[in-house]
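Below is one structure, written out as structure tokens; comments come after it.
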Amino acid sequence: MNASPSLRNRLNAAVRDIPPSGIRDFFDIVTTMKDVISLGIGEPDFDTPWHVRESTVFALERGATHYTSNLGYPELRRALAGYVRKVFGANYDPQTEVLVTVGVSEALDLALRALLNPGDEVLYHEPCYVSYRATILFAHGVPVAVETRPENGFRVTRQMLEAKVTPRTKALMLNFPNNPTGAVMGRADLVDIAAFARQHDLIVITDEIYGELTYDTPHTSLVSLPGLRERTIFLHGFSKAWAMTGFRLGYACAPAELIEAMMRIHQYTMLCASSLSQKAAIEALARPASDIGDMVQEYRRRRNFIAAAFADMGLDCHRPLGAFYAFPSIARFGLSSRDFALQLLNQEKVAVVPGSAFGACGEGFLRCAYATSMANVREAMARLKRFVSRL
Amino acid sequence: MDELLKILQTNALEPRENIARMLELSVDEVNQRVADYEMRRVIRGYQAILDEDQLGLDKVTAVIEVKVTPQREGGFDTIAGRISRFPEVRSAYLMSGTYDLLLFVEGKNLREVAGFVSERLAALEGVLSTSTHFMLKTYKRFGVLMCQEHSDERLTITP
């Protein structure tokens, strides 16, 4: 794995200096063990809906195996514009304002590369998805983290942002409902953030991949707020709500100038997203409500169960309101989150992800994903309780 | 549908304490609501879902389409009620389309089922005709796939 020193020196400095994801490192340890119950999986345990899989096979048979338009199949872009209007409350022109990408990860990369000049600062919040900081650095930007806290439900406030904004700040990245904390932002919270973005003339990148998965209150999208659509890149995809992670299909909606700029990079690096995945997405959008409703209800039951189990064993945990993650504090045990996770893995064969993998301020927390069967959640909670009682 | 019933339909043996946690209710409330459903006979019973092919039972199941004459008073209900009371009939439905009643009938072997159809069912007053289909293999029952082992293709840790 290790490059020789001379080759290492040839690497791009941004790439060379970024440590590998803390999740990958932990994954390598977990894979050496057997019979582990994993609460470390950041993807749904539900199968991709059968009608989506079946129609993908049909598309393959019919020969949908060629390049598509750079932006994506027009039929898919029309369906996406309709879905975003209905569910997220903003209008986009499917001809010029929707770009289909290889997962939200590609869309995020395109957005940052299209926007940033070297040295431009990007505000984002931690704990956050593992790729944010790295993606900003790869785009030669300067990542500026805002730390969110459980006292505040892991939400971002205008005050936090005002403390970090500078004249070099170009963009603000948001991800709610949040991976890894399960936090959501309500309408009132977002109105404040919107005012902040307007005042400092920032572009907002909002990753709302978990938008369908909220349990106590309906999701409010940033792009539904007055005046935000014109300065926002909205990102969403099929991985979470339709359990289609392996299809690698995401999309961006934004004003035409921004989509055009992102498309320029996309057309030279990716050309287009997989034709079969695009066909699958068209089918998925044909029936969203029936697929998603039962799944949300099941996640809510697990969320309720896991929150009660943490309370029962005396673990502090802010109430997870969306996505499928709980983020309990283990600070009172005097172990680092990595040591806690390693001991839990070795002694009880339960895998969780140390909070530190999601940014420095995630230290002292664990990410527990409840995207696993109720039987696994139950057993994992019983083992965790036994482990905690010994500490 | 009440979420409590959904949970019971998926797993009637789910401990009441777990159900209480999942629905953020007290155990007493859950027990009370289940008792209420039982009393109102919304819940008619609890059964295990078996993969009977594994058991090698001396048993056959037939699906029988029945055409009947509705009666002047009581319509289809009188004749359907009479047919449903035979213990051999495991399920019975009134259908739209080219026949009236659909029956699931169990017997030890083909001859026993044939005997039931010709001597009991077809002989009933009001039964015009029957068409019998024997089941060969079960792929899915009550929403549970019988033919496939569940496997989790996911990696154990993902971002």
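A short reminder: the numbers here are calculations on the coordinates, not readings from a lab. Being a predicted model, the structure only gives us computed values, none of them experimental. Don't worry about glycine lacking a Cβ; one is built from the backbone with ideal geometry, like all the others, and counts go over all protein chains shown.
In order along the stretch A:188-198, phi translates into HN-Hα couplings of 4, 4, 5, 4, 4, 5, 4, 5, 4, 4, 5 Hz, rounded to whole numbers, per the Karplus curve 6.51 cos²θ - 1.76 cosθ + 1.60 with θ = phi - 60° and x for Gly and Pro. Each residue of the stretch A:177-187 is assigned a 3J(HN,Hα), and the resulting list reads x, 9, 9, x, 8, x, 6, 10, 10, x, 4 Hz, derived from the Karplus form 6.51 cos²θ - 1.76 cosθ + 1.60 (θ = phi - 60°), x at Gly and Pro. When the listed pairs B:67/B:137; B:108/B:140; A:86/A:279; A:279/B:137; A:349/B:59; A:349/B:137 are checked against a 32 Å cut-off, the alpha-carbon distance exceeds it for A:279/B:137; A:349/B:59; A:349/B:137.
Other residues with beta-carbon under 12 Å from the beta-carbon of residue A:369 carry, at +1 per Lys or Arg and -1 per Asp or Glu, a net charge of +3. Seen from all directions on average, the stretch B:52-137 presents a Cα convex hull projection of 5.7 nm².
When the Debye formula is applied to the Cα atoms of chain A, each taken as the same point scatterer, what base-10 log of I(q)/I(0) results at q = 0.06, 0.13, 0.14 Å⁻¹? Each listed q corresponds, in turn, to -0.23, -1.14, -1.31.
For the stretch A:307-391, applying the loop criterion from DSSP together with a ceiling of 14 other beta carbons within 10 Å to the chymotrypsin sites (Phe, Trp or Tyr not before Pro) yields no site.
Amide H to amide H, with H built 1.01 Å from N, residue A:233 comes under 5 Å of A:204, A:205, A:206, counting only residues 5 or more places away or on other chains. Starting from the Cα gyration tensor of chain B, take the square roots of the eigenvalues, sort them a ≥ b ≥ c, and report rounded, prolate or oblate (rounded when a/c is under 1.5, otherwise prolate if a/b is larger than b/c, else oblate). Taking the square roots of the gyration eigenvalues as a ≥ b ≥ c, chain B is oblate.
Excluding residue B:37 itself, calculate the net charge of residues whose Cβ lies under 11 Å from the Cβ of residue B:37, where each Lys or Arg counts +1 and each Asp or Glu counts -1. That sum, taken over residues with Cβ under 11 Å, equals +1. Assuming charge only on the beta carbon of Lys and Arg (+1) and of Asp and Glu (-1), the dipole of the protein assembly as shown about its Cα centre is about 460 debye to the nearest 20. For residue A:201, the shell of other residues with beta-carbons less than 12 Å away shows a net charge of +2, using +1 for Lys and Arg and -1 for Asp and Glu.
For the stretch A:1-153, the Cα-based Rg and Dmax, in that order, read 20.4, 55 Å.
Peptide B:10-21 is shielded by partner chain Cβ atoms: per residue, an average of 3 of them sit within 10 Å of its Cβ.
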